[in-house]
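Participant: Mind looking over this structure? Questions follow.
Every number in this text was worked out from the coordinates using simple rules, so none of it is lab data. For clarity, every value in this text was computed on a predicted model and none was experimentally measured. Using ideal geometry, Cβ is built from the backbone for each residue, glycine included, and neighbour counts are taken over all protein chains shown.
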Amino acid sequence: MEKLGETSLRVYVLLIEEGRALGVREVQRKMGFKSPSTAKYHLDRLVEFGLAEKTRDGLYKVSESSPKPPVLHAYTTLFGMLIPRLIPYAVFFTVATAMYIVLNIGSLNIFVLFFSVSAALLFWIEGIRFLLLLRKIRRVKKAKR
């Protein structure tokens, strides 16, 4: 089986983030393609890989039954946005650490504080790395159109 390709992956990310079925011309406009045939080619590739399906209206939407491509396994959709799965963990450990500090301001345990700050920091660092990777995936390269 062939690889999906960068541009088709970007079209797939667009479909995920839009959260609704899109037409060929709408994808062309949002992706900045020069012709609708380029958008149709990439949408048809997504259908071929089972990542998208074509509706009766001729629109394309993300296939609910198909698993994500491996490069997107580390991401989840939250309020219509594609975010790294590590970000909610980073938020949890940050809030838990802040609550621990506020509730135990007079008797902080240095070991608990060290491990909770370390956990929060590691989740934030890795989450931001995945955000930067997603930003790179979204980037439209004019040479690849």
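Participant: Given contacts defined as C-alpha pairs under 8 Å and at least six residues apart, what's the relative contact order of the range 6-70, whole-number percent? Please report the intermediate quantities before stating the final value.
Facilitator: Details: 71 pairs, mean separation 22.5, N = 65.
Taking the mean separation of contacting Cα pairs over the length of the range 6-70, I get 35 percent.
Participant: Any idea what Rg and Dmax come out to for the range 74-137 if you just take the C-alpha atoms, in Å?
Facilitator: Considering the range 74-137 through its Cα atoms, Rg and Dmax are 14.2, 47 Å.
Participant: Turning to a different aspect of this structure: So what's the back-of-envelope 222 nm ellipticity for the chain, counting only DSSP H runs of four-plus at -39500 (n - 2.57) apiece and dividing by all residues, rounded to 500? Kindly include the intermediate steps, with their values, before the conclusion.
Facilitator: Details: 5 runs with 81 residues, N = 145.
The per-residue figure over the chain is -18500 deg cm²/dmol.
Participant: Then there's this: Calculate, for L132 and L59, the FRET efficiency according to 1/(1 + (r/R0)^6) with r their C-beta to C-beta distance and R0 25 Å; round to the nearest 0.05. Mind showing how you got there, number by number?
Facilitator: Values: r = 31 Å, r/R0 = 1.25.
That gives a FRET efficiency of 0.20.
Participant: With all pairs of different alpha carbon atoms counted, what Kirkwood hydrodynamic radius in Å does the range 6-70 show? Present the calculation step by step, with values, prior to reporting the outcome.
Facilitator: Numbers: mean 1/r = 0.0876 Å⁻¹.
Computed over Cα pairs of the range 6-70, the Kirkwood hydrodynamic radius comes out at 11.4 Å.
Participant: State the extension gain, in nm to one decimal, for the chain segment bounded by A96 and K68, taking 0.36 nm per residue of separation less the distance between their alpha-carbons.
Facilitator: On the way: separation 28, 0.36 × 28 = 10.08 nm, distance 3.12 nm.
Taking 0.36 nm per residue and subtracting the Cα distance, the gain is 7.0 nm.
Participant: Please state the relative contact order of the chain as a whole percent: Cα pairs under 8 Å, 6+ residues apart? Walk me through the intermediate numbers first.
Facilitator: Working: 149 pairs, mean separation 37.0, N = 145.
Computed value for the chain: 26 percent relative contact order.
Participant: While we're looking at this one, here's another question. Against the longest alpha carbon principal axis of the chain, how many degrees, from 0 to 90 and to the nearest 10, is the axis of helix 6-18 turned?
Facilitator: Its long axis makes an angle of about 70 degrees.
Participant: Of G58, G50, G23, which has the largest mean-square fluctuation in a 10 Å C-alpha GNM of the chain?
Facilitator: G58
Participant: Relative contact order for the range 74-137: what percent, with Cα pairs under 8 Å and sequence separation of 6 or more?
Facilitator: Working: 50 pairs, mean separation 26.2, N = 64.
Dividing the mean separation by the residue count of the range 74-137 yields 41 percent.
Participant: The range 48-145: which GluC sites (Glu not before Pro) are DSSP loop and have at most 16 other beta-carbon atoms within 10 angstrom?
Facilitator: Passing sites in the range 48-145 are E64.
Participant: Spin-label point model (7 Å from Cα, Cβ direction): what's the K30 to M81 distance in nm?
Facilitator: The answer from the label model is 1.7 nm.
Participant: Pick out which of S37, S116, S107 has the largest mean-square fluctuation in a Gaussian network model of the chain, springs linking Cα atoms closer than 10 Å.
Facilitator: Of S37, S116, S107, the Gaussian network model singles out S107 as fluctuating most.
Participant: How large is Rg over Rh for the chain, taking Rg from the Cα atoms and Rh as the Kirkwood inverse mean of 1/r across Cα pairs?
Facilitator: Numbers: Rg = 20.1 Å, Rh = 17.4 Å.
Result for the chain is an Rg/Rh of 1.16.
Participant: Moving to a separate point now. Given the options F79, F130, F93, which has the most mean-square fluctuation in a GNM of the chain, springs set between C-alpha atoms less than 10 angstrom apart?
Facilitator: F79
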